Each structure stands twice: as C-alpha cells, then as structure tokens.
Amino acid sequence: MRWHLVMFVRAPAFGRGKRRLAREVGDVAALRFERLMIARLLRRLASDVRWRCRIAVTPDRAAPAARQWRRGIETLPQGRGDLGSRMRRAIAAAPPGPVVLIGGDIPAIAAGHIAAAFRLLGKCDLVFGPAADGGFWLVGARRRPRLPPLFARVRWSSPHALADTLSGLPNGVTVRYVETLEDIDDGDSYRRLRRQRGF
C-alpha cells in the first residue's frame with residue numbers, strides 16, 4: 001500500500017500562530033521562521049517518491065492559498081476542534097495505507113526520519129517522534145485493521161502531551177519511536193537554532 005505523509009501546519013500570518021515564540025523574538029521573526037520552515041519541509045520531503053505528501057492547513061480559509069505553496073500536492077483544511085481532533089481527522093482522511101503526520105516547527109526533520117517511521121509501521125500500530133519538550137513532532141498510524149482511538153484528554157502545549165497521548169491508548173495497541181528532535185516553540189530554542197544552523 002502507498003505511504004502517505006501529512007504536513008500539519010498553520011498558514012503563516014503576521015500576529016497569528018507561534019504566539020509563545022513571537023512574544024520572545026517578535027512577530028516578524030516568528031513569521032519568517034514559519035514561512036521558512038514550510039518552504040524547507042516541502043523542499044526536503046514533498047518530492048520523495050517513497051510517499052505521497054499532502055498538507056493539512058489551518059485556518060480553513062487558508063487552504064486555497066496553501067495550494068500554491070507547491071504544485072501537485074493535495075491541500076485540505078484541518079477543520080474544527082482541538083489539536084487532537086484535527087490531527088486524528090487528518091490521519092483518518094488520508095487514502096488507504098500507513099500515514100505519518102508531522103508538524104511544521106522541527107528544523108531537523110529529514111527524509112530519513114520519515115522513512116524510518118514508515119518502516120516501523122510495518123511492525124506496530126503507532127509510531128511517535130518524541131520532542132525534547134515532552135510533546136511529539138511525529139505521529140504515524142498503520143490503520144490496519146483501523147485507526148485506534150487517539151488524543152483523548154491530552155494536555156496540549158505542555159510537557160505531558162506525549163505521556164497523556166500514550167496513557168489514553170487502548171490495551172493491545174503497539175507503539176514504537178523514532179528519534180527525539182527539538183521543536184521551536186520559544187526564544188531559547190529559536191536562539192539555539194540560529195547558533196547551530198545559521199537560520
């Protein structure tokens with residue numbers, strides 16, 4: 001079956017999104033970071049023949065404009081609900097086959113990480129990419145025979161997000177992990193990124 005990669009992102013807009021980062025580095029720097037990350041992820045991942053890429057974007061009204069980010073990539077609105085509801089919907093909406101969903105604020109993501117997650121889904125039901133702050137930057141689902149319940153009672157944007165997600169899984173669901181990476185959510189992580197990568 002075909003592999004499906006979902007880029008789960010917020011359309012960059014001045015004064016919206018990445019609010020914690022913007023408070024510490026300013027709205028202009030936060031907007032520049034968001035735009036640059038989406039462009040880099042599309043360049044790194046969208047043309048890989050091992051999977052089919054699609055974009056799930058919020059707010060929903062940004063979906064038509066997001067279709068111009070890269071030609072030939074299906075773009076769909078995330079829809080209503082909390083973060084967990086929207087992520088689960090994006091995973092469930094993909095065509096048949098394993099699905100990997102990633103966020104748009106992890107500069108170190110490379111094609112090798114995505115391929116490793118898909119390989120692990122040959123041996124388990126779910127795969128996670130832990131983030132250094134206690135959340136996760138990747139979630140993948142085999143979806144055979146079906147997608148298990150996900151993201152019940154999760155304290156989003158907290159150090160407990162991954163632990164809460166795991167504790168809410170039904171018994172018998174098998175889980176594996178790919179590499180822990182750092183997402184850029186605050187001034188400290190942004191400054192580390194600039195020092196390491198010349199962002």
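The values are calculated or read from the model by the stated rules, or taken from the named source; none is laboratory data. Predicted model only: the values in this text are computed from it and were never measured. Quick reminder, even Gly has a Cβ in these numbers, built from the backbone with ideal geometry, and neighbours come from all protein chains shown. Only protein heavy atoms, including side chains, enter the accessible area calculation; ligands, DNA and RNA are left aside. Shrake-Rupley method; radii C 1.70, N 1.55, O 1.52, S 1.80 Å.
Tabulated data for the structure shown
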item: Debye, to nearest 20: dipole size of the chain, +1 on Lys, Arg Cβ, -1 on Asp, Glu Cβ; result: 640
item: Residue-by-residue Karplus 3J(HN,Hα) for the range 142-159, coefficients 6.51, -1.76, 1.60, Hz, glycine and proline x; result: 6, 6, 10, x, 7, 6, x, x, 9, 6, 7, 6, 9, 8, 5, 6, 9, x
item: Signed unit charges on C-beta, dipole axis of the range 156-199, positive-most listed residue Leu181, Leu166, Gln196; result: Gln196
item: Furthest towards positive pole of dipole, Gly79, Pro96, Ile106, structure part the chain, Cβ charges; result: Pro96
item: Debye, to nearest 20: dipole size of the range 56-164, +1 on Lys, Arg Cβ, -1 on Asp, Glu Cβ; result: 420
item: Column: log10 I(q)/I(0), Debye, Cα scatterers of the range 142-185, q = 0.32 Å⁻¹; result: -1.20
item: Two-decimal Rg to Rh for the range 83-199 - Kirkwood Rh, Cα set; result: 0.97
item: Residue-normalised accessible area of the chain, given per residue in Å² at a 1.4 Å probe; result: 50
item: Gyration tensor (alpha-carbon) shape descriptor, the range 80-125, a/c threshold 1.5; result: oblate
item: Accessible surface of the range 70-185 [probe 1.4 Å, protein heavy atoms]: carbon and sulfur percent; result: 51
item: Point-charge dipole on Cβ atoms (K/R +1, D/E -1) for the range 11-65, about Cα centre, debye to 20; result: 140
